[in-house]
1. Identify the single condition in (1) part of a helix (DSSP H, G or I); (2) surrounded by fewer than 20 Cβ atoms within 10 Å (Cβ to Cβ) that residue 236 does not satisfy, given that it satisfies every other one.
2. Being without any contact (Cβ under 8 Å) to a residue 12 or more places away in the chain and assigned to a loop (DSSP other than H, G, I, E, B) is the filter here, so list the residues in segment 107-123 that pass it.
3. Filter segment 137-152 for residues that are surrounded by fewer than 20 Cβ atoms within 10 Å (Cβ to Cβ) and under 18 Å from residue 116 (Cβ atoms) and give the result.
4. Just for segment 73-93: of the residues that are in a helix (DSSP H, G or I) and touching a residue at least 24 places away in the same chain (Cβ under 8 Å), which one is surrounded by the most Cβ atoms within 10 Å (Cβ to Cβ)?
5. Out of 155, 120, which single residue is modelled with pLDDT of 90 or more and surrounded by fewer than 22 Cβ atoms within 10 Å (Cβ to Cβ)?
6. If you check residue 42 against the conditions, is it touching a strand residue (DSSP E or B) at 6+ places or on another chain (Cβ under 7 Å), farther than 20 Å from residue 133 by Cβ and either modelled with pLDDT of 90 or more or outside any helix (DSSP H, G or I) (or both)?
7. In segment 118-150, how many are over 13 Å from the mean Cα position of the chain (by Cα) and more than 14 Å from residue 170 (Cβ to Cβ)?
8. Please state which one of 208, 242 is closer than 17 Å to residue 153 by Cβ, under 19 Å from the mean Cα position of the chain (by Cα) and outside any loop (DSSP other than H, G, I, E, B).
């Protein structure tokens, strides 16, 4: 916890209600950070961090107008006008019938549009909308991409995969543009993480494609996010860190 003469640091996290987001909230909260969360769901009662319900904003990031309203509300809540970290974790990955992946042939234009609004446009809207607050704190932005952004994945659909590839490219652009303002921008690319969204057949990937022969845990991802938001990574900018047990090698 911060001492009395230290200003409490603040994290804004999207997609906080489960999996990696849930673990990230717990990691930062345990370190004494204030955590403001955004999700299309109401505050989850099974995440008992300090000030959780009061610092949760329910918003559909697929709606640009509602996203702008959420940004205004976040600014109102940041009394000291500083934001130390923004973690863009919210994402959607629509499936076909029976949970099958949506190929580039089968994905409708409406689905492409919806996925890119959440996975790609919302991160840059939030970062630009809160630029002054990030600049004041010399803060960090972490974009959560995916192993699916750099290779065809057996379960991840085409819209999800290409949105994550675009987010990786956006991370580089943001690092170049935000860096002169004192804001570092990096990405993490998780592989097979033990969350509720795992698809049937994941065990085959674990057995044959991951050198460590196991799934990652949400906390293992959260620990790297935490490092990227703290002084430990003070000269890391524009990086995409692969968290996949060696699946990409």
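The values are calculated or read from the model by the stated rules, or taken from the named source; none is laboratory data. Quick caveat, the model's predicted, so the values are computed rather than measured. Here the Cβ positions follow ideal geometry from the backbone for every residue, glycine too, while neighbour counts run over all protein chains shown.
1. Only one criterion in (1) part of a helix (DSSP H, G or I); (2) surrounded by fewer than 20 Cβ atoms within 10 Å (Cβ to Cβ) is unmet by residue 236, namely (1).
2. Of segment 107-123, the ones without any contact (Cβ under 8 Å) to a residue 12 or more places away in the chain are 108-110, 113.
The one that is without any contact (Cβ under 8 Å) to a residue 12 or more places away in the chain and assigned to a loop (DSSP other than H, G, I, E, B): 108.
3. Of everything in segment 137-152, just one residue is surrounded by fewer than 20 Cβ atoms within 10 Å (Cβ to Cβ) and under 18 Å from residue 116 (Cβ atoms), namely 150.
4. Our first condition is that a residue be in a helix (DSSP H, G or I); within segment 73-93, this holds for 73-77.
Still in the list and also touching a residue at least 24 places away in the same chain (Cβ under 8 Å): 74-75, 77.
Working: 74: 22, 75: 14, 77: 13.
So the residue we want is 74.
5. On the way: 155 fails: modelled with pLDDT of 90 or more.
Result of the check over 155, 120: 120.
6. Working: touching a strand residue (DSSP E or B) at 6+ places or on another chain (Cβ under 7 Å): yes; farther than 20 Å from residue 133 by Cβ: yes; either modelled with pLDDT of 90 or more or outside any helix (DSSP H, G or I) (or both): yes.
Against the criterion (touching a strand residue (DSSP E or B) at 6+ places or on another chain (Cβ under 7 Å), farther than 20 Å from residue 133 by Cβ and either modelled with pLDDT of 90 or more or outside any helix (DSSP H, G or I) (or both)), residue 42 qualifies.
7. The number of residues fulfilling the criteria is 14.
8. On the way: 208 fails: under 19 Å from the mean Cα position of the chain (by Cα).
Result of the check over 208, 242: 242.
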